[in-house]
Amino acid sequence: MFFGKTIARQIVWCDIWMRGDWRFDCHDVRDFGEFDAWGAVMSDLEITPLEVKRRLDRGEKLLMVDVREPWEYAHCRIESALHIPMGSIPANLQTLDMDEDVICYCHLGMRSLDVANWLRTQGIASAKSMTGGIDRWSAEIDPNVPRY
């Protein structure tokens, strides 16, 4: 059991360090957020596809933003999403409705995490990244969305 906790701490340390948060003190895993079903550490910047689906099913207003490249969008998409490639986000900031929670996604969740983080610095406090991107959405929510 102790070995498992040590590994978890190392994973958390790498996750925090890679995002540029330079913490040098040791923390228990619980200090960094929740674990999702795949064992990844969740921050308030991320939301799982299952939670997105639940919120959509409840009728909550969510602005889904697909930040992938046009060729990726042409291959597969979530129908209700607004397509704004990552590189075009700054020029299209005014098109984002501040009254809705903004959920960004990409292929695997890395680009969308960067976009959600940047959107928060621009005053969109509700911006989140869908963990695992459209690939995880396809695996867990809608298998009709092709995977690539």
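The values are calculated or read from the model by the stated rules, or taken from the named source; none is laboratory data. Here the structure is a predicted model, which is why all the values come from computation and not from measurement. Every residue, glycine among them, receives a Cβ derived from its backbone with ideal geometry; neighbour counts consider all protein chains shown.
Structure above, values below:
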| item | result |
| --- | --- |
| Positions within region 94-119 being surrounded by fewer than 17 Cβ atoms within 10 Å (Cβ to Cβ) and at pLDDT below 95, in sequence order | 94, 95, 97, 98, 99, 100 |
| Subset of region 107-117 [touching a helix residue (DSSP H, G or I) at 6+ places or on another chain (Cβ under 8 Å) and under 22 Å from residue 61 (Cβ atoms)] | 112, 115 |
| Qualifying positions in region 100-137 - part of a loop (DSSP other than H, G, I, E, B) and either touching a strand residue (DSSP E or B) at 6+ places or on another chain (Cβ under 9 Å) or of a type in the set (Gly, Ala, Ser) (or both) | 100, 106, 109, 123, 124, 125, 126, 127, 131, 132 |
